[in-house]
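Asker: Before I ask anything, let me first share the structure, which is written out below as structure tokens.
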Amino acid sequence: MIKIAAVLLALLTPTLALAQTPSTDVIEVMVLGAPHLNNPGRDVHNIRIDPVTTPEKQTQLQRIAEDLSRFRPTALALEKVAADQTTMVDRDFAGFDPATLTTDANERVQIGYRLARLADVTRVYAVDEKDAEGKPSYFPYGEVVGWAQSHDRGDQLAAMGDEVKGFLAQLQERQRTETLGALLAEVNRPGNPLSTGNGLYYNRFNQFGGGDQWPGAELNGRWYTRNAIIWAKLMSVARPGDRIVLMFGAGHSYWLRHFASSTPGFRLVEPNDYLTED
């Protein structure tokens, strides 16, 4: 009986801690998944976004910033590695010139810096975590491919890739006729199987492995670790009562949303409660 009570107490502890956190001290985090607007092409599968520095697209991006500013953010955290890992400060924001909005297509500038300037946010952080020399990759996809091909499972893995390609192709076509606000709302739609809900997709990698080789599970573990470190960095700079916009590529959404919704003292905020699609 005592053991059962101890287990129940352990399970309830996070909930109790959150309940005991004064409402004014709860840290609200809006996890904003965003396509890479400057088309770096560094992911396994990529979407091609039309130029966003045109007057029409600039108007749409300004509307996105105005929509998100209604959240009244106190800080932003972006997909970038900080030069100083003790402060996590994004040093480039200090020199941000709005004139660069017509030349620099990076979403950190177009959405992140634009929003920070509009909302009078002075705390902009760089909380990304990247592969480092001498350490295991955070996304060892090549090892999964190698195992699948050597075990006659290449077609199965390729079919999973085709699902992502199809999703990206739809977004790529839609962004030619719809607003960037509509594109961002779709990417951040709760349950979207290849962005906010892509945990189920990643779990399917676990089937690629056997014996003493489990590259699919290792990929899942490493990807989780990268996102856990990103979240830990955000926690290190968050202050009681903060309202933080955490903007990363949409592939990170599932785990970052998980941490925001399950960490005591934090609360997940839906971007689509603020975004308009026109």
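Asker: Of the residues that make up the range 150-171, is at least one touching a Ser or Thr at 6+ places or on another chain (Cβ under 9 Å) and either modelled with pLDDT under 95 or not in a helix (DSSP H, G or I) (or both)?
Answerer: Taking every residue of the range 150-171 in turn, at least one turns out to be touching a Ser or Thr at 6+ places or on another chain (Cβ under 9 Å) and either modelled with pLDDT under 95 or not in a helix (DSSP H, G or I) (or both).
Asker: Scan the range 117-172 residue by residue and report those that are hydroxyl-bearing (Ser, Thr, Tyr) and open to solvent by 30 Å² or more (accessible area, probe 1.4 Å).
Answerer: Selection gives THR122, SER137, TYR141, SER150.
Asker: So which residues in the range 86-128 are in a loop (DSSP other than H, G, I, E, B), touching a residue at least 24 places away in the same chain (Cβ under 8 Å) and not β-branched (Val, Ile, Thr), if there are any at all?
Answerer: Within the range 86-128, MET88, ASP90, ASP104, ALA105, ASN106, ALA119, ARG123, ASP128 meet the criteria.
Asker: Restricting attention to the range 218-230, which residues are open to solvent by less than 10 Å² (accessible area, probe 1.4 Å) and either under 27 Å from SER69 (Cα atoms) or at pLDDT below 95 (or both)?
Answerer: Result: ASN227, ILE230.
Asker: Here's another thing I want to ask about it. Which condition from (1) more than 21 Å from LEU61 (Cβ to Cβ); (2) touching a helix residue (DSSP H, G or I) at 6+ places or on another chain (Cβ under 6 Å); (3) open to solvent by 20 Å² or more (accessible area, probe 1.4 Å); (4) of a type outside the set (Val, Ile, Thr) is the one that TYR274 breaks?
Answerer: Status for TYR274: all satisfied but (1).
Asker: Among the residues that make up the range 109-121, is at least one of them of a type in the set (Gly, Ala, Ser), under 20 Å from the mean Cα position of the chain (by Cα) and over 19 Å from LEU180 (Cα atoms)?
Answerer: The answer is no, given that none of the residues of the range 109-121 is of a type in the set (Gly, Ala, Ser), under 20 Å from the mean Cα position of the chain (by Cα) and over 19 Å from LEU180 (Cα atoms).
Asker: Okay, moving on. Name the residues in the range 243-258 that are open to solvent by 10 Å² or more (accessible area, probe 1.4 Å) and farther than 27 Å from GLU163 by Cα, would you?
Answerer: The one that is open to solvent by 10 Å² or more (accessible area, probe 1.4 Å) and farther than 27 Å from GLU163 by Cα: ARG243.
Asker: If we keep just the residues of the range 66-84 that are open to solvent by 30 Å² or more (accessible area, probe 1.4 Å) and acidic (Asp, Glu), which is nearest to VAL237 (Cα to Cα)?
Answerer: Taking the candidates together, the pick is ASP84.
Asker: Next question, about the same structure. Which of the residues belonging to the range 206-261 are farther than 21 Å from ALA34 by Cβ, outside any helix (DSSP H, G or I) and of a type in the set (Gly, Ala, Ser)?
Answerer: GLY209, GLY210, GLY211, GLY241
Asker: For the range 180-205, which positions are touching a Ser or Thr at 6+ places or on another chain (Cβ under 9 Å) and either under 21 Å from TYR224 (Cα atoms) or open to solvent by 10 Å² or more (accessible area, probe 1.4 Å) (or both)?
Answerer: GLU186, VAL187, ASN188, ARG189, PRO190, ASN192, SER195, THR196, GLY197, ASN198 - these are the residues of the range 180-205 that are touching a Ser or Thr at 6+ places or on another chain (Cβ under 9 Å) and either under 21 Å from TYR224 (Cα atoms) or open to solvent by 10 Å² or more (accessible area, probe 1.4 Å) (or both).
Asker: Could you please let me know if VAL145 is farther than 18 Å from ALA250 by Cα and touching a Gly at 6+ places or on another chain (Cβ under 8 Å)?
Answerer: Yes: the conditions hold for VAL145.
Asker: Go through the range 182-204 and count every residue that is within 17 Å of the chain's Cα centre (by Cα) and assigned to a helix (DSSP H, G or I).
Answerer: Residues that pass the stated criteria total 9.
Asker: A follow-up question, please. From (1) touching a residue at least 24 places away in the same chain (Cβ under 8 Å); (2) open to solvent by 40 Å² or more (accessible area, probe 1.4 Å); (3) farther than 30 Å from ASN206 by Cα; (4) more than 19 Å from the chain's Cα centre (by Cα), pick out the condition that doesn't hold for THR59.
Answerer: Among (1) touching a residue at least 24 places away in the same chain (Cβ under 8 Å); (2) open to solvent by 40 Å² or more (accessible area, probe 1.4 Å); (3) farther than 30 Å from ASN206 by Cα; (4) more than 19 Å from the chain's Cα centre (by Cα), the lone unmet condition for THR59 is (1).
Asker: Looking at ILE64, ILE47, which is the one that is β-branched (Val, Ile, Thr), in contact with a Leu (Cβ under 8 Å, 6 or more places away or on another chain), touching a residue at least 24 places away in the same chain (Cβ under 8 Å) and assigned to a helix (DSSP H, G or I)?
Answerer: Within the list ILE64, ILE47, the selection yields ILE64.
The values are calculated or read from the model by the stated rules, or taken from the named source; none is laboratory data. Note that the coordinates shown come from a computational prediction; the quantities given were computed from them, not determined experimentally. Note that we place each Cβ from the backbone using ideal geometry, even for glycine, and neighbour counts take in every protein chain shown. Only protein heavy atoms, including side chains, enter the accessible area calculation; ligands, DNA and RNA are left aside. Shrake-Rupley method; radii C 1.70, N 1.55, O 1.52, S 1.80 Å.
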